[in-house]
Amino acid sequence: MSANRISKFLSLAAVAGLALSPISVSAQATAETANPLGLPTDVSILGNSDPNVRKATAVVNGFVITGTDVDQRAALLVAANEREISPEELERVKMQVLRNLIDETLQIQAAETQEITIPQAEIDQSYARVAAQNFGQDESAMGEYLRSIGSSPQSLKRQIHGELAWSRLLRRNFAPFVNVSADEVNDLIQRLEANRGTDEYRLGEIFLQATPETAAQVQGNAQQIVEQLRQGGSFVAYARQFSQASTAAVGGDLGWIALPQLKNPQLETVVGEMSPGQLVGPLEIPGGYWIGLLIDKRQVLTADPRDAVLSLKQIALDFTGVPEAERTPRLESFLAGVQQLRGCGDAEAGASALGATVVTNDEIAARALPEQLQQLVLNLQLGQVTPPFGSFEEGVRVLMLCGRDDPQAASGPDFDTLMGQLEEERIQRRAQRYLRDLRNDAYIEYN
């Protein structure tokens, strides 16, 4: 099971822990203005000043979350990142996972209180679908994989239980009371049409809430997340585990948006200057710290050339077993030969004469190619080839364009799709408030 596949089963609830830090101000009036709780300006900590130095277990309204529960769920996040993490980082992850497990427990309990139960058979069916998607119907293989990374089938099934229960509660209790008018949707359609041809951005976000008292600690946490992401960490996994935005449930994916939808001039400026794949942050914004990833960029209601469906022939020359002294002359012969090929009909015979092989793909989107090759291929005429790429170790190859179906001009999302998006946004905002109330009312004992 790949890391990307594992990451989408990480906890839906993501809450960053915020510890109070001392306030340092010179004037009492300033302290009172900045500190609505009326805390003293000179705080003396009694006892352990680091709340993270404790055993990661808890009892939530009588339900016990064990250290094993935390370890097994944390193992999913570690596996999703496909790299080693330091012991200090692992402890921080475990404390975050504990917070997520607390939220998950509260969600399941809230559903059960309202007589929403998820049959074990339904949980098992969802688990089987995961196995089918990743292990070809072989549940035992997925179980072995989960145990090999330090997790377990039971841990994943518990998460599935939480997601199903929370989703059902939201659909029953919130969805019927969310109203989006036809005028709102039509206004949105008109704005899209008015912005036809302007840039829109597909963004990923991680947002950590902060108060003046906790800003320094939260900023440090955000900076650690950025460092882990720059070292290859999964943005989706970290967003699901740590982000406090409503997009945490979908790995931080904001979808396609125009800059004014960010409703923050600072973010509009920053995102407008980003390139696809670029990571920025943490940026201080009202309420906390924001980390952004530009997934992609396109123009509103305009066909994207990268959506063209191509027919390609890959002509490759393998140098395995070729003496080093003969490699360069053979490469020069190959490069001269591919330039003499008379279109796609001559590819197989011509490649064979050059000692090369041909692989054909008649339906590949240009955007599915490596970024360095996308524009090269889109600039080709039928029968032309790209410049060579590769190496003696991995082989040298060219791509020949044999067909191209250009995308039609985008008509934009339809009325029902836009209404569904607006309704979902409002449901998630209500869900955040409801979960906050559940936390406030919960009896939680830490061990």
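The values are calculated or read from the model by the stated rules, or taken from the named source; none is laboratory data. The model shown is predicted, which means the values in this text are computed figures rather than measured ones. Here the Cβ positions follow ideal geometry from the backbone for every residue, glycine too, while neighbour counts run over all protein chains shown. The accessibility values were calculated without ligands, DNA or RNA, using every heavy atom of the protein model including side chains. Shrake-Rupley method; radii C 1.70, N 1.55, O 1.52, S 1.80 Å.
Quote the relative contact order of region 272-393 in percent (integer), defining contacts as alpha-carbon pairs under 8 Å separated by 6+ residues. Let's see the in-between values first.
Working: 122 pairs, mean separation 32.9, N = 122.
Across region 272-393, relative contact order equals 27 percent.
Ratio of region 238-390's C-alpha Rg to 2.2 N^0.38 Å, to two decimals?
Working: Rg = 22.6 Å, N = 153, 2.2 N^0.38 = 14.9 Å.
Here the answer is 1.52, to two decimals.
In region 418-433, whose amide N lies under 16 Å from the spot 7 Å out along Cα-to-Cβ of ASP183? List them in ranges.
No residue passes the distance filter.
In debye, nearest 20, what is the charge dipole magnitude of region 218-354 about its Cα centre with +1 on Lys and Arg Cβ and -1 on Asp and Glu Cβ, if you could check?
Details: 10 positive and 14 negative charges, 48 e Å.
Magnitude of the dipole: close to 220 debye.
Quick query: amide H of GLY288 versus all other amide H atoms, modeled in the peptide plane; which residues come in under 5 Å with a sequence gap of 5 or more or a different chain?
Long-range HN contacts for GLY288: ALA210.
Put THR357, THR247, THR417 in order of accessible area, largest first, 1.4 Å probe: what do you get?
So, going from the largest accessible area down, we get THR357, THR417, THR247.
For region 213-220, just list the computed ³J(HN,Hα) in residue order, Karplus coefficients 6.51, -1.76 and 1.60, θ = phi - 60°, integers in Hz, with x standing in for Gly and Pro.
6, 9, 4, 4, 5, 5, 4, x
Quick one: dipole size for region 138-287, taken about the Cα centre, charges +1 on Lys/Arg Cβ and -1 on Asp/Glu Cβ, in debye to the nearest 20.
With only Lys, Arg, Asp and Glu charged at Cβ, the dipole is about 540 debye.
Just to confirm, what accessible area per residue do you get for region 264-322 at 1.4 Å probe, in whole Å²?
Numbers: 2450 Å² over 59 residues.
Heavy-atom SASA per residue in region 264-322 reads 42 Å².
What length, rounded to one decimal in nm, is gained on full extension from GLN190 through to GLU363, with 0.36 nm per residue of separation minus their alpha-carbon distance?
Stretched fully, the GLN190-GLU363 segment lengthens by 58.8 nm.
Residue by residue through region 251-266, which ³J(HN,Hα) values in whole Hz follow from phi under the Karplus form 6.51 cos²θ - 1.76 cosθ + 1.60 (θ = phi - 60°), with glycine and proline marked x?
x, x, 6, 7, x, 7, 9, 8, 4, x, 5, 6, 6, 8, x, 4
So how exposed is VAL377, as accessible area in Å² (1.4 Å probe, rounded to 10)?
Counting only protein heavy atoms, the figure is 0 Å².
What is the set of long-range amide H partners of LEU254 at a cut-off below 5 Å, with H atoms built 1.01 Å from backbone N?
LEU203, GLY204, GLU205
Straight distance only, please: which aspartates and glutamates reach the Cα of LYS94 with their own Cα at less than 16 Å, same-chain residues fewer than 8 apart left out?
Cross-link targets: ASP50, ASP69, ASP71, GLU84, ASP103, GLU104.
With every protein chain left in place and a probe of 1.4 Å, what is the accessible surface of LEU90, to the nearest 10 Å²?
Around 50 Å² of this residue is reachable by solvent.
If R0 is 25 Å, what FRET efficiency do you get for ILE257 and GLU144 from their C-beta distance, rounded to 0.05?
After rounding to 0.05, the efficiency reads 0.05.
Could you give each residue of region 342-354 its phi-based ³J(HN,Hα) in whole Hz, using Karplus coefficients 6.51, -1.76, 1.60 with θ = phi - 60°, and x for Gly or Pro?
9, x, 5, x, 9, 5, 5, 5, x, 5, 4, 5, 8
Roughly how many Å² is the accessible area per residue of region 330-447, as a whole number, for a 1.4 Å probe?
63 Å²
So, with a 1.4 angstrom probe, what is the percent of accessible area on region 289-404 that is carbon and sulfur? Please report the intermediate quantities before stating the final value.
Working: 3030 of 6130 Å².
It is 49 percent, rounded to a whole number.
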